[in-house]
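First comes the structure, then the notes that go with it.
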Amino acid sequence: MDTRSAIIEAAATLLARSPSGDVSTRAVCEAAGVQQPVLYRFFNDKDDLLAATIDHVWDQYLAVKRAAKKSEDPLFDLRAGWDSHTAFALANPNAYKLMFSPTLRSEPTAAAEAMRLLREVLERLAVQGRLRVLPEEAARMVMAGNTGVALALISRPSQYPDVSLSPLVRDAIHRAILIDLPADGSPADDARKAAATTLASSLGALTPRPFTSAESALLGQWLAQIAETRPAD
């Protein structure tokens, strides 16, 4: 293991054990067996070290998601992804809270990777005609709900003592974005939205490409407007 990796491993171990959710660079150096000047050859400051540590912890979780075999039903994968996200937060509360901390100036890259993997599942649902909204909007809704529940469970356990809150919120959000679950919209409105989101999600996969890049962008914009427009009363 190289020196940089050893420093990150030491920081991850100390972070997991920290009652306060914080670590000092001095303690990390002692655990890694290096002097502080060595640490600052690899990291600009403590925030930079913590961002790298969070990426390291999250990458272990994301590696499992990357390697997971896709099921035949993307809805199964969507539900499983939510549940594994919550389980990861409960198992790694300090690293999870730091990922979303506004005080951390260096943004970890793992957040973008997690969103990308989520969008892939939602795009599969859109291609099947099962998504009520566009994949990008659905991804934001799912991620915001999942992280909100996870942060509530690990940050305020006295207020949120029951982990069954997570699947309750999961199913509520899924009802809002999926047309094959009970929802308030009329069947005709559901079909219109599904058709628009399905076509929008399939544009990039068409071969040979029937439109120029500008035409595809314009059609995508029109389809998004169709999906988001409410029917007249």
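Are any residues in the range 33-69 basic (Lys, Arg) and free of Cβ contacts under 8 Å to residues at least 12 places away in the same chain, and if so, which ones? Even if it seems obvious, please write down each step before you answer.
Going residue by residue through the range 33-69, those that are basic (Lys, Arg) are 41, 46, 65-66, 69.
Answer for the range 33-69, where residues must be basic (Lys, Arg) and free of Cβ contacts under 8 Å to residues at least 12 places away in the same chain: Arg41, Lys69.
Give me the pairs: first residue in the range 95-113 and modelled with pLDDT of 80 or more and in a helix (DSSP H, G or I), second residue surrounded by 16 or more Cβ atoms within 10 Å (Cβ to Cβ) and among the β-branched types (Val, Ile, Thr), beta-carbon distance under 6 Å, and six or more apart or on different chains, which are they?
Taking only residues 6 or more apart or on different chains, the pairs are Ala95/Ile54; Ala95/Val57; Leu98/Ile54; Met99/Ile54.
Does any residue of the range 13-31 turn out to be buried (at least 19 other Cβ atoms within 10 Å of the Cβ) and among the small types (Gly, Ala, Ser)?
Filtering the range 13-31 down to residues buried (at least 19 other Cβ atoms within 10 Å of the Cβ) leaves 14-15, 23, 28-29.
Of the ones still in play, those that are also among the small types (Gly, Ala, Ser) are none.
The answer is no, given that none of the residues of the range 13-31 is buried (at least 19 other Cβ atoms within 10 Å of the Cβ) and among the small types (Gly, Ala, Ser).
So which pairs qualify, if the first residue must be in the range 8-30 and at negative phi, the second must be charged (D, E, K, R) and surrounded by 15 or more Cβ atoms within 10 Å (Cβ to Cβ), the Cβ gap must be under 7 Å, and the two must be at least 6 apart or on different chains?
Thr25/Lys46
What number of residues in the range 132-179 are surrounded by fewer than 17 Cβ atoms within 10 Å (Cβ to Cβ) and under 15 Å from the mean Cα position of the chain (by Cα)?
The qualifying residues number 5.
The values are calculated or read from the model by the stated rules, or taken from the named source; none is laboratory data. Keep in mind it's a predicted model, so treat the numbers as computed, not measured. Heads up, the Cβs are rebuilt from the backbone with ideal geometry, glycines too, and the neighbour counts pull from every protein chain shown.
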